[in-house]
Structures are given as structure tokens and as C-alpha cells.
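Novice: I'd like to ask you about the structure that follows.
Derivation of every value follows stated rules applied to the coordinates shown; laboratory data play no part. None of the values given here were measured: they were computed from a predicted structure. Note: ideal-geometry Cβ built from the backbone for every residue, glycine included; neighbour counts use all protein chains shown.
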Amino acid sequence: MRKLSSIAIAIFFFISACTKIESTTIGSGLIPPVDGVTTLDTTLDVFTNNYLDPLGDSAKVYKTDDHVIGIINTDPLFGTTKASAFFELKPTTYPFSFPNASTLTADSAVLILSYKGVFGDTTIPQNWEVRELTESLRGDTVFNVSKSVATGNILGTKTINIPRLKDSVNYGFENANNQIRIKLSQTLASRLIRQFDSTANTGAYSKDTVFRENFKGFAVMPAAGSGGNALIRVNLSDTNTKLALFYTFQNTSAAKKDTAVSYFRFSDGTAIPVSGNANYIKRDRTGSQSALFTTGPTTRNDSLVFIQTMPGTFATIKIPRLREFPNVLVHRAELLAFQAPDATSLALVLTPPRYLLLSSYDSTKKVQINIPNDFSVLSGTPNISTFGGFIMEREVPGYGIVKAYNFDISRYVQGIVSRKDSSLTLRLSAPSNDSLQYTPPYPQPNAVSTFYITPSVANNLAEGRVRLGGGGMTRQNQLRMRVRIVYSRI
């Protein structure tokens, strides 16, 4: 490493003069104590801009992913959200037939969805409706969240009382909980139980292609004008999800009538035939506070940063003076981001994302890239527990305990000040299903691959939103986003 020039030393002491010692939560045991002589610290200003994610509507929803259904009517920070699910439930084998078909009486049809969780206010009921699809879904296609599907007649309706969704269901055919049960029309029950048959090669149950022509699937969505301020997660491939067809038939051996049930299910590809699915999510930020910051000039250093989980928003972060920083030994460099508290009670239910991703963006290849040398993957597992991004709590003077996100960018900063690596425009987002063009740490920069980010690592689809302090806040504001560096002279 080279000696400090007189100009570098002047810059060094100029930066050091503006420092304020702060605590850190990332690798604190490895950082030598800041004594102001051999080990120093400083903070660098950042320049932040808010953006609507132009690729947000291309977020993918895979068959085994949780799908979201519901409506957020009131969010002053991010506006409204409406989510609908489209899917096929069908026989698992063909030709399919009901037993004792000649004596069948159709009793009822019940759509059952596996309830997995909720984001938002659970105290406000929602009105849902089930409609029949009039457009076919391709089972071999992974649709994005902008895909809406044409629907026809209403098959059933239900008022969703969210606190009751975990209740147990216990009757002759089932003992389960975490189910959303929607009774469907008697017309549909009769159609599926009595009118469809598996006769030769022409009946509706003779093979999958014929069944899909006769019945294209279900749409579950909030009814027009429904109240509600929550998105509910369901899982289609879970065994709790099914179409239950109840019927009565004549038991000739016992000379009595018996009641039975047959189930149609969703196939995620591990069995044939594969079911089609799509999850339509519509965001409308008109009139919200975030809209004021995503439509303004990019020359402005935004004082607030708005991050909404995919399909959502992101922010860019520049560290203008990083290139001026002298060649030093970097013990710790971290980006600090703090929630700017929302005074309304909605902050308690419309909660921050559990994970934020700090990355950069290759505008030529139009792909996200990992933070060089700091975000790493070993045996398919990212080091996000040490790199940072998971939500935490921090005490901030004047604000008390707030939510916060920290990112360890020590090696990235060291590469810039020592090797003159590129100083990138960083990107802060809340991914669900996403990917990075991944480059391993120095000195292995050529082994480029694609790393896929899944909801199990990141966030559930559309779940989470946060308002952070931006770089445009005053330096006196302790919520201001900034970079803290602990270093020693060389």
C-alpha cells in the first residue's frame, strides 16, 4: 500500500474533523476501540433518490410460492393494493369418475385454501368472491404479477374474518385448521358431480385437456367496494388447498344412502397434470406520500426513502466523497439506514420488510449485481447474516427504539481506497423472488454466475413497506442515512 501524500493527509484530517463516534452492531468484536489517535471513525454523506421499480410488475410467482389475496385501502405512505389469485384445481388422475355414478346426488362444493399468514390490519373484514375463469392458464408458464385473467360468473362469496382463519375445522371428513372455506354455488356442484362424466374420449373427465376446456379454473379476489387493509397469504400446493365435492349415493349392499367427498387439487409439477396459476397484484400510489418522492427530480437528495416489497419501489444511494477518501486500513465500513417513524397506528400493522437488499445495477446488461467483495455466497448460501439487511432495532437519540437496517461494506470500501476499484451507485430494495449477477470476492472476479433470491431468504410477496431517513436530511438528524467508517492510518 502506498504512503499518504500531503493532499491525502489534508483530506484525511478534513474528513476526520467531521466525525461523530457511533455504535455498531456488525462485527463489533472485531473492531479495535476508537481512540482518536491510531483508530478513528468518520461518517460520509450519501445522496439518495427514490424510484418506482420498472421491473416490479415482472416479479414472478412460482407454483410453490405463497399467493396473496386481499386489499389495502388505506396506506398514506404507499397508496392502495389489490391482489387476486387465479388457479386450477382438478382431478389428480384421468379418466376420473365418482363411485356409484347412477345414484349420485350433488350435495355441495366447497373451495378450501390453505391459510399461511397476513400482512396488515386483521381487524377489518374483507368481502371476497370466487369467479370462474373464462381464460385458460398454461400450466407450464410462470406468470408475473401483472398477469390478470378473464373471469365470468360468480361461484361463491365470503366475508373473511381474519382472526378466525386459524380456527380448527372438525367434522366427519376432516380435522384441520388454517383453512379458508368458501361454499360455492349448487349449480357448480351439480355441474361437476352430475353433469360431467368420463365417457370414452369425449367426457369432461376423460383426460386433462378435455377437463380444462370444460372448466378453466377459479379466481379468488376482493369484491368491488370491499373494505379491508390487509393481504392474506395462501399456498396452493399445500394439501390444505383443495376443491371438496360432497355427494350422496345409494349404498346397495347396506340398502342405505351414504355421504362421501372427492377432492380436486393443485399440482405444482411433481405430479401430472400440472396446474396453471397466476397472482395479480395491482399497486396504486396516487396521492400517497411516496408518490411525491418518486416523481420529483433525480437531482434532489431525497430526505426520505420509501421502500416497498416487490412489486414495489427502490432507492439509489451514492457516496460522493468516497473516491476522495485516502488510502487507509478500513476496519469497518457500514451503511446505516433508520426508519423514519410514522405517527399513525398503521405503522403497527403495515410493518417494514424483514429484509432489504443492498446491491448495484449494471445498466448495460440490465441486471442487479452484488456489492463487490462483501456480499458473498458459499455453497449456495448468502452471507446476509453478516453482510446485513435483516431488520433490527436500534436506539436513536430523540426517537427511542426504531427499526433499522445495517450493511457491512468494509471490503467494498477498502477496494476503492486501496485499489481504486469503481465507486458504484448502490441500490436498496425489498426483494421477494429476485436475482443477482454474482461475482465472488477479490481476487476471483471472473467467476460470474446468477444467484436467485427466494421468499424464504428475503420477503413474502408484497409484504412489507418502510419509510427511511434519506441522505437529504440535515446532518443533525440522527435518522439520516449515512456511511460510517472505522479506520487506521497506514
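Novice: Just report the Cα centroid separation between the stretch 382-427 and the stretch 137-159, whole Å.
Specialist: Their Cα centres are 40 Å away from one another.
Novice: If you take the beta carbon distance between residue 108 and residue 166 as r and set R0 to 25 Å, what does 1/(1 + (r/R0)^6) give as a FRET efficiency, to the nearest 0.05?
Specialist: For residue 108 and residue 166, the calculated efficiency is 0.60.
Novice: Once amide H atoms are placed 1.01 Å from N in the peptide plane, what residues at a sequence separation of 5 or more from residue 241, or on another chain, have their amide H within under 5 Å of its amide H?
Specialist: Under 5 Å from the amide H of residue 241: 114.
Novice: What is the angle, in °, between the Cα long axis of helix 410-419 and the longest principal axis of the Cα atoms in the chain? Nearest 10 is fine, range 0 to 90.
Specialist: The answer is roughly 50 degrees.
Novice: For 113, 40, 350, which order do you get if you count the other beta carbons within 10 Å of each Cβ and list the fewest first?
Specialist: 40, 350, 113
Novice: Could you list which residues have their amide H under 5 Å from that of residue 373, counting only those 5 or more apart in sequence or on another chain, with H placed in the peptide plane?
Specialist: Long-range HN contacts for residue 373: 442.
Novice: Sorting 129, 393, 463 on the 10 Å Cβ count, fewest up front, what's the list?
Specialist: Lowest to highest Cβ neighbour count: 393, 129, 463.
Novice: Follow-up question, since we're still on this one. What distance in nm separates the simple spin-label points at residue 187 and residue 348, each placed 7 Å from Cα in the Cβ direction?
Specialist: The modelled label-to-label distance comes out at 4.5 nm.
Novice: Could I ask something else about it? Whole-Hz ³J(HN,Hα) for each residue in the stretch 473-490, computed from phi via Karplus 6.51 cos²θ - 1.76 cosθ + 1.60 with θ = phi - 60°, x for glycine and proline: what do you get?
Specialist: Taking θ as phi minus 60°, the curve returns 5, 5, 5, 6, 7, 6, 8, 4, 5, 6, 10, 9, 10, 10, 8, 10, 6, 9 Hz for the stretch 473-490.
Novice: May I ask for the distance between the Cα centers of the stretch 170-194 and the stretch 289-345, given as a whole number of Å?
Specialist: For the stretch 170-194 versus the stretch 289-345, the Cα centre distance is 49 Å.
Novice: Now for a separate question. Ranked from highest to lowest mean number of other Cβ atoms within 10 Å per residue, what is the order of the peptides 427-435, 166-174?
Specialist: Listed from highest to lowest mean packing, they are 427-435, 166-174.
Novice: Which length gain, in nm to one decimal place, applies between residue 123 and residue 299 when the Cα-Cα distance is subtracted from 0.36 nm times their residue separation?
Specialist: Value of the extension gain: 59.2 nm.
Novice: Turning to a different aspect of this structure: Under the rule of at least 5 residues apart or a separate chain, name every residue whose amide H is placed under 5 Å from the amide H of residue 438.
Specialist: 449, 450, 451
Novice: Expressed as an acute angle from 0 to 90° and rounded to the nearest 10, what is the orientation of the C-alpha long axis of helix 6-16 relative to the principal long axis of the chain?
Specialist: Taking Cα atoms only, the helix is inclined about 60 degrees.
Novice: Turning to a different aspect of this structure: Only Cα pairs under 8 Å and at least 6 apart count here; give the relative contact order of the chain as a rounded whole percent.
Specialist: 24 percent
Novice: Something else now. If you plug each phi of the stretch 319-332 into the Karplus form 6.51 cos²θ - 1.76 cosθ + 1.60 with θ = phi - 60°, what whole-Hz ³J(HN,Hα) values come out, in order, with x for Gly and Pro?
Specialist: Residue by residue, the stretch 319-332 yields 10, x, 8, 5, 5, 7, 5, x, 6, 10, 8, 8, 7, 7 Hz.
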